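One structure is given below, encoded as structure tokens.
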Amino acid sequence: LFDERYQTTIGVKIDKKVVVVEGRELTLLIWDLAGEDEMQEVRISYLRGASGFILVADGCRKATLAQAAAIRGRALAAVGEIPCLLAVNKSDCRDQWEVAPRDWDGLGLSVFETSAKTGDGVEPMFEELATRMLRNHADRKT
């Protein structure tokens, strides 16, 4: 459930998400690694072995978009090319957004406008990530 109180992640929060893509049920193990802080290098190491990742930016705080781009660079250096999506969160507060599509267009990522509060855009984002992960896995086998 969504909690109105703002919480930052300390350490790693792990959840499971089941999605059905291409007729297959997949269980995604989700590691919420939080954002920028002094523990960032340690958290990036958690990505080793990952099949994909989602970067999250707060639509109401433009600086988080640059942070997400920086994290992407460090993550790709650590794990190589794996599927990656960008979630611009707080679509339920769009009138307060500091970011616009022109701000993320040059990042070369598929972008999903999401709301953790209402759930808008979240399911399609996970389905897209799972689809890309399946295809990436199949491509590596051939």
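Values in this text are rule-based calculations from the coordinates and carry no lab data. All figures in this text were calculated on a predicted structure; none of them were measured in a lab.
For the stretch 101-112, putting each phi into the Karplus relation 6.51 cos²θ - 1.76 cosθ + 1.60 with θ = phi - 60° gives couplings of x, 4, 6, 10, 4, x, 7, x, 10, 6, 10, 10 Hz, in residue order, rounded to whole numbers and with x for Gly and Pro. A compact globular protein would have a Cα radius of gyration near 2.2 N^0.38 Å; the ratio found for the stretch 68-142 is 1.24. Extension gain for the segment Arg74 to Lys17, taken as residue separation times 0.36 nm less the Cα-Cα distance, is 18.0 nm to one decimal. Listed by chain and number, the lysines whose C-alpha is less than 16 Å from the C-alpha of Lys62, apart from same-chain residues fewer than 8 away, are Lys90. Each listed q (0.18 Å⁻¹) maps to a log10 I(q)/I(0) for the stretch 53-106, found by the Debye formula over equal Cα scatterers with no solvent: -0.58.
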